[in-house]
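The values are calculated or read from the model by the stated rules, or taken from the named source; none is laboratory data. Only a predicted model underlies this, so the values are computations on that prediction, with no experimental measurement involved. Here the Cβ is made from the backbone with ideal geometry for all residues, glycine too, and neighbour counts use every protein chain on show.
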Amino acid sequence: MRNDLTIYDKVADRWWSDDIRWVRTLKNLVPGRLSWMDSQIDWAGKEVLDLGCAGGFMAEALDARGATVTGIDPAAEAIAAARAHASQTQRKISYDVGVGEALPYAEARFDAVVCVDVLEHVQDLPRVLAEVARVLRPGGLFLFDTINRNFLARLATITVAEDILRLLPKGTHDPAMFIKPKELRRAMRDAGLRPGPFTGLGPRGITLRGDLIFGRLPLTAILYMGLARKPGATL
């Protein structure tokens, strides 16, 4: 089975335990993503939606930067783990169970929508982007990362990461759902968003535990991140 989204619920009770290698990989991606995203937005005081938040790694990092954070994910058990951890650490993060194709929020609710490791999993990309545009305030930012669709990306993320190194469970991704940057730019424009810069994301080192350290890379051939803005006054 490809694009297996049940993996998040299966490990929800150990999401914050640090004893599952592939979950640590997801956690280790957060600083690498934010090292670039922090240069694009001042999070302090912003209303931010973490779309596809899973157990809350990115949501808690954004909360620590002073944002008012809402997280949403279809994995109910993962959301329960996120809520429990936020309560334990006294973080005021709101979490909801739901999907990107039908966000349960009012128009122009958020200053920014963050969507990491999600777009290559959704069933209806144009609908998700339309919902992102709807809930963003004029001038608001959509910040994301996803996986390019080509032979090299399939080799790295499926053959190496899933099948050989087991950095992710087998079946996590369906390479047919990967997205070329030009396709994503076109889809964002169709949704009423103005694409901004894209940049690469990938391994930059390794920890003493043998886990990868991630950061910005110049090439977008495998993983890439970027932003788009909803037209209107700049926040």
Unique match (being within 18 Å of the chain's Cα centre (by Cα) and either under 17 Å from Leu141 (Cβ atoms) or touching a residue at least 40 places away in the same chain (Cβ under 8 Å) (or both)) among Ala108, Ala82 = Ala82
Qualifying residues in the range 140-190 (those that are acidic (Asp, Glu) and more than 25 Å from Ala130 (Cβ to Cβ)) - the one surrounded by the most Cβ atoms within 10 Å (Cβ to Cβ) | Glu162
Residues being out of contact with any Pro (no Cβ under 9 Å at 6 or more places or on another chain) and under 17 Å from Val116 (Cβ atoms): count how many of those fall in the range 205-228.
-> 4
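If you go through the range 118-139, how many residues are out of contact with any strand residue (DSSP E or B) (no Cβ under 7 Å at 6 or more places or on another chain) and either buried (at least 22 other Cβ atoms within 10 Å of the Cβ) or not small (Gly, Ala, Ser) (or both)?
Counting residues in the range 118-139 that are out of contact with any strand residue (DSSP E or B) (no Cβ under 7 Å at 6 or more places or on another chain) and either buried (at least 22 other Cβ atoms within 10 Å of the Cβ) or not small (Gly, Ala, Ser) (or both) gives 12.
Among Leu5, Leu26, Leu51, which is the only one that is under 24 Å from Ile158 (Cα atoms) and in contact with a His (Cβ under 7 Å, 6 or more places away or on another chain)? Give the steps one after another, and end with the answer.
Working: Leu26 fails: in contact with a His (Cβ under 7 Å, 6 or more places away or on another chain); Leu51 fails: in contact with a His (Cβ under 7 Å, 6 or more places away or on another chain).
Leu5 is the lone residue from the list that is under 24 Å from Ile158 (Cα atoms) and in contact with a His (Cβ under 7 Å, 6 or more places away or on another chain).
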From the list Asp9, Asp63, Asp13, pick out the single residue that is crowded, with 18+ Cβ neighbours inside 10 Å and in contact (Cβ under 8 Å) with a residue 60 or more places away in the chain.
-> Asp9
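Helices (runs of 4 or more DSSP H) wholly in the range 1-120 with at least 3 residues that are of a type in the set (Lys, Arg), modelled with pLDDT under 95 and under 26 Å from Arg134 (Cβ atoms) - which ones? Please lay out each step first, then the result.
Values: elements: 7-10, 21-37, 57-64, 76-88.
Fully inside the range 1-120 and qualifying: nothing.
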Subset of the range 134-161 that is in contact with a Phe, Trp or Tyr (Cβ under 8 Å, 6 or more places away or on another chain) and among the hydrophobic types (A, V, I, L, M, F, W, C) - its residue that is nearest to Lys182 (Cα to Cα) = Ile147
Restricting the search to the range 6-55, which residues are on the phi > 0 side of the Ramachandran plot and out of contact with any Asp or Glu (no Cβ under 8 Å at 6 or more places or on another chain)?
-> Asp18, Gly45
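Please go through the range 34-60 and pick out each residue that is touching a residue at least 24 places away in the same chain (Cβ under 8 Å) and over 25 Å from Glu120 (Cβ atoms). Explain how you work it out, then say what you get.
Kept after step one, since they are touching a residue at least 24 places away in the same chain (Cβ under 8 Å), are these residues of the range 34-60: 34-38, 40-41, 43, 46-60.
Passing the criteria: Lys46, Glu47.
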When both residues are 6+ apart or on different chains and their Cβ atoms are under 8 Å apart, which pairs have a first residue that lies in the range 151-174 and is of a type in the set (Ser, Thr, Tyr), and a second that is at pLDDT below 90?
-> Thr157/Leu168; Thr172/Asn3; Thr172/Asp4
Between residues in the range 181-203 that are more than 24 Å from Leu26 (Cβ to Cβ) and residues that are assigned to a helix (DSSP H, G or I) and among the charged types (D, E, K, R), which pairs lie under 6 Å by C-beta distance while being six or more apart or on different chains?
-> Pro195/Arg185
